[in-house]
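The values are calculated or read from the model by the stated rules, or taken from the named source; none is laboratory data. It should be emphasised that the depicted structure is a prediction, and the values quoted were computed from it without experimental measurement. Please note: Cβ atoms are built from the backbone with ideal geometry, for glycine as well, and neighbour counts cover all protein chains shown. These accessible areas exclude ligands, DNA and RNA; they are computed on the full protein's heavy atoms, side chains included. Shrake-Rupley method; radii C 1.70, N 1.55, O 1.52, S 1.80 Å.
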Amino acid sequence: MNTLAANFSPGTVMSEGIPNILEAYQRAGVKRLVMQSGIGLSDGKELSAVNRWVIRINRRFFSKAIKDKAIAERAVQRSNLDWVIVRPAGLRDVAGTLKYTAGPSARIAPFLPLPFSDCTDCLVRAATSEPAWVRKIVNVGR
């Protein structure tokens, strides 16, 4: 699958899927949700001026994916769950290093590729061992 091409026409997987997941969590009594989103939704306050500019341009190219994820993020934020939204930098299928930066408002390089496995490690941390991240948006990258 060409992930770059998929971002140009992502459909509504996130915007339709997340509300269904939230409803299922509520029925099952699950209290914690970790959602992977994308750094493209950042307002850029924590990023360098150059990275803010590049993200604004990038949003134009990937506007459909950004809109889909934004709707999903808002649904999660409105929920009564103990949620964490993880916004990784661009992801690549390369060897992981476990040398990444993560946290609310963490300064990362949005276009320096992050290994999938490092993002996965961050998602597991968000679900299991980072209580300070609850009800926060977490950036993850290098």
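Counting only protein chain heavy atoms and rolling a 1.4 Å probe, the accessible areas of Asp121, Asp93 rank, largest first, as Asp93, Asp121. Report summary: the helix-based calculation at 222 nm, which adds -39500 (n - 2.57) for every DSSP H run with n ≥ 4 and divides by the residues of the chain, gives -14000 deg cm²/dmol. The stretch between Glu46 and Ala132, if pulled fully straight at 0.36 nm per residue, gains 29.2 nm over its current Cα-Cα span.
The list (1) 109; (2) 195; (3) 161 gives values of volume of the Cα convex hull per residue in Å³, and only one came from this structure; which label was calculated from it? Entry (1).
Only Cα pairs under 8 Å and 6+ residues apart enter the sum, and on that basis the relative contact order of region 1-133 stands at 31 percent. Amide H contacts for Leu91 (H built 1.01 Å from N in the peptide plane; partners 5 or more residues away or on another chain; cut-off under 5 Å): Leu114.
Projecting the Cα atoms of Gly96, Ile137, Gly44 onto the charge dipole of the chain, computed from C-beta unit charges around the Cα centre, puts Gly44 farthest toward the positive end. Counting only protein heavy atoms and a probe of 1.4 Å, the accessible surface of the chain is 56% carbon and sulfur. Model label sites at Asp93 and Leu112, defined 7 Å from Cα along the beta-carbon direction, differ in position by 2.4 nm. For Lys136, nonlocal amide neighbours, meaning residues 5 or more places apart or on other chains whose placed amide H falls under 5 Å from its own, are Ile85. Counting Lys and Arg as +1 and Asp and Glu as -1 over every other residue whose Cβ lies under 9 Å from the Cβ of Gly103, the net charge comes to 0.
Backbone amide hydrogens, once placed in the peptide plane, bring Leu33 within less than 5 Å of Asp82, Trp83, Val84, excluding anything fewer than 5 places away on its chain. If both residues of a DSSP beta bridge must be in the chain, then about 25% of such bridges are antiparallel. Shown in residue order for region 128-133 are the 3J(HN,Hα) couplings computed by the Karplus curve 6.51 cos²θ - 1.76 cosθ + 1.60 at θ = phi - 60°: 10, 9, 10, x, 6, 8 Hz (x for Gly and Pro).
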